[in-house]
Amino acid sequence: MAKIQGLAQAIEDLVHDGDCVAMEGFTHLIPVAAGHEIIRQGRKDLTLVRLTPDIVFDQLIGMGCAKKLVFGWGGNPGVGSLHRFRDAIETGWPVPLEIEEHSHAGLTNRYVAGASGLPFAILRGYFGTGLMDRTETVKTVQCPFTGEKLAAVAALNPDVTIIHAQQADRAGNVLMWGITGVNKEAALAATRVLVTVEEIVDHFEPRPGGVVLPTWVIDAVAKAPAGAYPSYTSGYSDRDNAAYVAWDAVSRDRDTFRQWIEEHIVQGAPAVSS
Amino acid sequence: MSTGAARIEQSPGYDPDDMMIVAAARALRGRRVCFVGIGLPSTAANLARATHTPDLVLVYESGTIGAKPTRLPLSIGDGELAETADSVVSVPEIFNYWVQAGRIEVGFLSAAQMDRYANLNSTAIGDYDHPSVRLPGAGGAPEIAASCREVIVLIRQSHRTFVERLDFRTSVGFGEGPGDRARWGYRGAGPTLVITDLGLLRPDPETCELTMTDLHRGVDVDRVRAATPWDLAMAKDLKITEPPSAEELTRLRALQATQDR
């Protein structure tokens, strides 16, 4: 059963140095507030996992929280590069970053296998690409029925998965809707699960396309209003596109970046765009 | 991208991006289902909807199927896409049931580098372990390249983007030539059209090598040869692209203006 607790306590209880931490949210429901709490608590040597690492991963990487990144596409959506991610890979600043990269379909299926309790998943892909040689968790498998050769990807079972959702009820059941991405699979693949939510309600209203994660697969629920900012939470807040554009300039320079983190994350000033 | 309003005042004509978008929109005439990313492909697909193919089904990687945005989305997970979609599905579903199963007719791709067999690099420039420029990476591209029934590539034509040898092969066109796609078990036809700022290229039916089939108005053969590091194959009956019509440009400007809303 999920404990409803404060975000700082939940991160302290569930995220440890050296853990494999998946933080999902495919362009929506991104657990930014939780990422900031990880920075504040100074976690180190994390293996961070996400299909689409964007600003909050740039911040975690730039602060040296990660030793490894497992990912599919690392960019500032609609803007360009992630400069801290690039600096870490191109020059090893502030610490060298090992990478394991996949296609979105491949990493997605790693979660699916993990959530299914299977050792691997199969897909038609990877052949002919350079990813095949560079990624240990991709191999070839032959279909026992047709003989077809297919790509196999190893199951991914993070130590902890963190996702953001619209609502939890008082028992700790979680409801999310809109673009839910790979949130359900990432949660069910993990040993421990933390969900940050916009609001805690007495009862859920039925929602078209709504996904409910029952309380008994979740370890902790923490209230984090606007917890996806500058991304958005359908029904609660809009994406702050200006903040994504502004991040480009902030993150280009190491000192400007550090100062921004100190002001907005460590000191806890609200991270609004000017 | 600058705003529509400012551009109309600046220039009654069109720029190379406009030509690429219009050419891509025209390639979607009469098509049913299109997989789109943000930027030029999204603009092109929405221009096709606004002009000749209103029923074109737009599928975005975020899981939105049949999105009908009234303004150009800023990310593939824009709330507008989910709110206007026929169906919103999970990411595992979009790749496994919709892309891999061959339900997407046309997929768009772009890249930092392309070779003569339309293989694409969006991973890194330079050595993989010590890249001079680390690019975002594969994202959805490898499976779009493998399993969409056809692929349209949008890329500028220059020595920077057209290369003899990719620094990294992120997604496949035709590999090293005929037979490679079949050997890999890929069911899509691969890139059937490459749209550049200079013209259009299509794979040779025999060799799979990209052949320049159309030049945009004002572009000559010397210019495309100068922009290409290999001995570029030229179609015998080289055509000239129709420039964007007044209607296409008006609709395009109207779409671009929605980005400011």
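Within the set A:Leu51, A:Leu29, the sole residue that is touching a residue at least 60 places away in the same chain (Cβ under 8 Å), on the phi > 0 side of the Ramachandran plot and touching a strand residue (DSSP E or B) at 6+ places or on another chain (Cβ under 8 Å) turns out to be A:Leu29. Within region A:194-216, track down each residue that is touching a Leu at 6+ places or on another chain (Cβ under 8 Å) and closer than 22 Å to A:Ile38 by Cα. Selection gives A:Leu194, A:Val195, A:Thr196. State which residue is nearest to the other protein chains (Cβ to nearest Cβ) when the search covers only region A:30-82 and only residues that are more than 17 Å from A:Ile265 (Cβ to Cβ) and touching a Lys or Arg at 6+ places or on another chain (Cβ under 7 Å). Result: A:Phe71. If you go through region B:18-42 and keep only what is part of a helix (DSSP H, G or I) and at pLDDT below 95, you end up with B:Leu40, B:Pro41, B:Ser42. Taking B:Ser62, is it closer than 20 Å to B:Arg253 by Cα, surrounded by 24 or more Cβ atoms within 10 Å (Cβ to Cβ), within 14 Å of chain A (Cβ to nearest Cβ) and small (Gly, Ala, Ser)? Judged against the criteria, B:Ser62 is not a match.
Among the residues of region A:93-112, are any on the phi > 0 side of the Ramachandran plot, over 16 Å from the mean Cα position of the chain (by Cα) and either surrounded by fewer than 16 Cβ atoms within 10 Å (Cβ to Cβ) or modelled with pLDDT of 95 or more (or both)? The answer is no; no qualifying residue exists. Close Cβ contacts (under 7 Å, 6 or more residues apart or on different chains) running from residues in region A:88-114 that are more than 9 Å from chain B (Cβ to nearest Cβ) and farther than 15 Å from A:Leu131 by Cα to residues that are of a type in the set (D, E, K, R) and in a helix (DSSP H, G or I) comprise A:Trp93/A:Asp87; A:Trp93/A:Arg254.
When each of B:Val133, B:Val172 is tested for being hydrophobic (A, V, I, L, M, F, W, C) and either touching a Pro at 6+ places or on another chain (Cβ under 6 Å) or more than 7 Å from chain A (Cβ to nearest Cβ) (or both), the lone residue that passes is B:Val133. Counting only strands (runs of 3 or more DSSP E) wholly contained in region A:168-274, the ones carrying 1 or more residues that are over 21 Å from the mean Cα position of the chain (by Cα) occupy A:192-201. Scanning region B:86-97 for residues that are outside any helix (DSSP H, G or I) and surrounded by fewer than 23 Cβ atoms within 10 Å (Cβ to Cβ) yields a total of 3. Checking region B:144-156 against the condition returns no match, with no residue being under 30 Å from A:His83 (Cβ atoms), at the interface with chain A (Cβ under 7 Å from one of its Cβ atoms) and crowded, with 24+ Cβ neighbours inside 10 Å.
I'd like the residue in region B:180-199 that is more than 14 Å from every other protein chain (Cβ to nearest Cβ) and surrounded by fewer than 23 Cβ atoms within 10 Å (Cβ to Cβ) and, out of all such residues, is farthest from B:Ser110 (Cα to Cα). It comes out as B:Ala189.
The single condition among (1) part of a helix (DSSP H, G or I); (2) in contact with a Phe, Trp or Tyr (Cβ under 7 Å, 6 or more places away or on another chain) that B:Ile152 does not meet is (1). Checking region B:42-53 against the condition returns no match, with no residue being among the hydrophobic types (A, V, I, L, M, F, W, C) and within 14 Å of another protein chain (Cβ to nearest Cβ).
Against the conditions (1) touching a His at 6+ places or on another chain (Cβ under 6 Å); (2) surrounded by fewer than 18 Cβ atoms within 10 Å (Cβ to Cβ); (3) not charged (D, E, K, R), A:Ile122 satisfies every one except (1).
The values are calculated or read from the model by the stated rules, or taken from the named source; none is laboratory data. Just so we're clear, the structure is a prediction, and the values are computed from it rather than from any experiment. Heads up, the Cβs are rebuilt from the backbone with ideal geometry, glycines too, and the neighbour counts pull from every protein chain shown.
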